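Worksheet for the structure shown next.
We did not get these values from a lab; they are worked out from the coordinates using the rules stated. Note that this is a predicted model, so its numbers are computed, not measured. Cβ atoms come from the backbone with ideal geometry, glycine included; neighbour counts cover every protein chain shown.
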Amino acid sequence: MSKTRALLTETEREQIAGEHGDQRRYQATSRVRRRIDAELSKDIEVLEEHHPELLEELRDVVCEERDHDE
């Protein structure tokens, strides 16, 4: 079974990491920002109404503090 993306595609991960130049980094950042502002907000609304437990799982992952030295 193939992997699916969460918020970023593999290519966008590379672009945001600067592996394809500044212009590609800017473009990828803009695409991801639009997803966060529009699509992710809609997804959260659906989860709030129809599956609050799943929304809580999402919050746990997004809000989890990470050790940045890993």
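Estimated purely from DSSP H runs of n ≥ 4, each contributing -39500 (n - 2.57), the mean residue ellipticity at 222 nm for the chain is -18000 deg cm²/dmol once divided by its residues.
Remark: relative contact order (the chain) = 17 percent; criterion is Cα-Cα distance under 8 angstrom and separation of 6 or more residues. The trypsin sites (Lys or Arg not before Pro) of the chain that meet both conditions, a loop assignment by DSSP and at most 10 other Cβ atoms within 10 Å of the site Cβ, are K3, R5, R66.
Positive-end ranking of I44, T9, L54 along the dipole of the chain, with charges on Cβ about the Cα centre, is headed by T9.
Relative to the longest principal axis of the Cα atoms of the chain, helix 22-34 runs at roughly 10 degrees. Which entry in [x] 6.1; [y] 4.3; [z] 6.5 matches mean projected area of the Cα convex hull in nm² derived from the coordinates of this structure? Label of the calculated value: [z]. Between helix 41-50 and the chain there is an angle of about 20 degrees, using the helix long axis and the longest principal axis of the Cα atoms. Measuring between their Cα centroids, the stretch 43-61 and the stretch 5-41 lie 23 Å from each other.
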